[in-house]
Amino acid sequence: MSDTQFQHSDQRWLSFRIGGQLYAAPLAQVREVIRDGELTPVPGAAADVLGIRHLRGRIVPVLDGRRRLGLPADEQGGDADARLVMLIYGQHLVGLRVDAIGDLLTQNGSDIAPPLPGGAARADDPVHGVLPWQGGFVALLDVRRLCRLPEESEAA
């Protein structure tokens, strides 16, 4: 898959926890992190769309990280640490609700392994690699696939 080739240079990732698992998005594609707040529901939207939110003059769709990644809902209602990670891809801005923000990771691209067997078989799987981290691993997300966005040319 040519669109998921890794650069072999230092890369920075913002990690966050969703459903007990660590995930990370490229820091270059994180616009900002904000507190969870009021969302306007969108009738007929996909099941993982929580709603839309106004952010400095823009209307931003917000995805439920748990639903998007096929994880169970949080039955304990531990929302105190929940945040919205505003992800950018081209001209698109999409919010992702996460359970908690983690660390900033800096790793050499050669440390990144392919996703676990079975996951990458789906063309829309947002996990495109794993990174060993503190005795476990961090699942690295492809922002375009995670947010179901079309590919954009660099000139756009």
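None of the figures in this text is laboratory data; all of them are computed from the coordinates on show. No experiment lies behind these values; they were computed from the predicted model shown. Cβ: placed from backbone, ideal geometry, glycine included. Neighbour counts: every protein chain shown.
Residue separation of R35 and D79 scaled by 0.36 nm, minus their Cα-Cα distance, works out to 14.8 nm of gained length. Using 0.36 nm per residue and subtracting the Cα-Cα separation, the extra length available between R12 and S110 on full extension is 34.0 nm.
Treating only the Cβ of Lys, Arg, Asp and Glu as charged (+1, +1, -1, -1), what charge dipole size does the range 59-115 show about its Cα centre? Round to the nearest 20 debye.
On the way: 5 positive and 8 negative charges, 57 e Å.
Using only the charged Cβ atoms, the result is roughly 280 debye.
Taking a quarter of the surface of the Cα convex hull of the range 7-146 gives a mean projected area of 9.2 nm².
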